[in-house]
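Below is one structure, written out as structure tokens, with a few remarks after it.
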């Protein structure tokens, strides 16, 4: 069985005393990230055993402002406070601004109101009132360099497991930089490594990386020997077999070309193919094919390919191209010498 999640203490309050009442607004463009951070915050406010009577969660499209205010003013039963959450509340706030302004002037002392929105303009009366009676939590996409530490923290907090930087970096390489998807992969890895205290590079390679990177290797290998039709067929199978391929396939190819670049650099320094194979943990029985790929490309060509993959990744994420179309063109134009 997977390990139980750690319980989180309610911050900045004495034992047995009620949490400070107030209003909290979670604002951000990425709805999944906003909801994830809001969920984490709720876990700090109210214990799971108290949520039946102490927590009310509503979608803004289905709740009236009267219902929400009534819930906030309901006397807590078997809990220290009443937590009321309104999700996707942009339109809800706009339609009910006068009543909300009155509530912000005199919030219920035993209720906590949480709103999730895509934006929270600072010039409005509500925004100005919030500064004195609550808090705005702006949820932003983390920078690429912040992701490993965020993933390590999540693995520890959610599953009581260590995730070192190498494993986190590999996970990002193979999965992409979408934080919610990365969290989902960590959830799977935690179950996969249930008997161990840490999620390792080996776990990432076994559960997530092996199929994706091996398939990318096979595609590149077919191109190397002039079998482009076979390469495209293998590539299409990758999309057919993996529903997440649109998000992960660029990472699989980028991972393989970085490995090729590192191999070429180590060979240039005088290391033997055997030593390089051990350093890079190459697949047994595939070393000869791998080094054949390495020898057929220059450093400049590998660098240009990795830059091309960055451009493809950006184009996919911004809707300028479809993943399958872009990667097929990339494979057909791969510059082996």
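The values are calculated or read from the model by the stated rules, or taken from the named source; none is laboratory data. Everything numeric in this text was worked out from a predicted model, so none of it was measured. As a convention, Cβ positions derive from the backbone with ideal geometry for all residues, glycine included, and neighbour counts pool all protein chains shown.
Which one is surrounded by the fewest Cβ atoms within 10 Å (Cβ to Cβ) among residues in region 32-52 that are assigned to a helix (DSSP H, G or I) and touching a helix residue (DSSP H, G or I) at 6+ places or on another chain (Cβ under 7 Å)?
32
What number goes with the only condition from (1) part of a helix (DSSP H, G or I); (2) at pLDDT 90 or above; (3) surrounded by fewer than 18 Cβ atoms within 10 Å (Cβ to Cβ) that residue 270 does not pass?
Unmet for residue 270, out of (1) part of a helix (DSSP H, G or I); (2) at pLDDT 90 or above; (3) surrounded by fewer than 18 Cβ atoms within 10 Å (Cβ to Cβ): (1).
Among the residues of region 151-169, what is the count of those that are surrounded by fewer than 22 Cβ atoms within 10 Å (Cβ to Cβ) and in a helix (DSSP H, G or I)?
Number satisfying all stated conditions: 9.
I'd like to check which helices (runs of 4 or more DSSP H) are fully inside region 178-237 and have at least 2 residues that are more than 18 Å from the chain's Cα centre (by Cα) and surrounded by 21 or more Cβ atoms within 10 Å (Cβ to Cβ).
Fully inside region 178-237 and qualifying: 210-224.
Step by step: first the residues of region 115-131, then only those that are over 11 Å from residue 26 (Cβ atoms) and in contact with a helix residue (DSSP H, G or I) (Cβ under 9 Å, 6 or more places away or on another chain), then the one that is surrounded by the most Cβ atoms within 10 Å (Cβ to Cβ). Which residue is that?
Restricting to residues being over 11 Å from residue 26 (Cβ atoms) and in contact with a helix residue (DSSP H, G or I) (Cβ under 9 Å, 6 or more places away or on another chain), the top hit is 130.
Examine region 82-105 for a residue that is touching a strand residue (DSSP E or B) at 6+ places or on another chain (Cβ under 6 Å) and modelled with pLDDT under 90, and state whether such a residue exists.
Looking through region 82-105, at least one residue is touching a strand residue (DSSP E or B) at 6+ places or on another chain (Cβ under 6 Å) and modelled with pLDDT under 90.
Yes/no matrix, rows are residues, columns are (1) without any contact (Cβ under 8 Å) to a residue 24 or more places away in the chain; (2) more than 22 Å from residue 31 (Cβ to Cβ):
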position: 53; (1), (2): no, yes
position: 59; (1), (2): no, no
position: 62; (1), (2): yes, no
position: 69; (1), (2): no, yes
position: 76; (1), (2): no, yes
position: 94; (1), (2): yes, no
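Report, ordered by the first and then the second residue, all pairs with beta carbons closer than 9 Å, sequence separation of six or more or different chains, a first member in region 264-277 that is in the same structural domain as residue 288 (by TED's automatic domain parsing), and a second member that is in a loop (DSSP other than H, G, I, E, B) and surrounded by fewer than 16 Cβ atoms within 10 Å (Cβ to Cβ).
If the second residue must be in a loop (DSSP other than H, G, I, E, B) and surrounded by fewer than 16 Cβ atoms within 10 Å (Cβ to Cβ), the pairs left are 264/298; 277/284.
I'd like to know if region 238-261 contains one or more residues that are outside any helix (DSSP H, G or I), in contact with a helix residue (DSSP H, G or I) (Cβ under 9 Å, 6 or more places away or on another chain) and assigned by TED's automatic domain parsing to the domain that holds residue 306.
Checked against the condition, which is being outside any helix (DSSP H, G or I), in contact with a helix residue (DSSP H, G or I) (Cβ under 9 Å, 6 or more places away or on another chain) and assigned by TED's automatic domain parsing to the domain that holds residue 306, region 238-261 yields at least one hit.
Could you please let me know if residue 293 is out of contact with any helix residue (DSSP H, G or I) (no Cβ under 9 Å at 6 or more places or on another chain) and assigned to a helix (DSSP H, G or I)?
No; evaluated as a whole, the condition is false for this residue.
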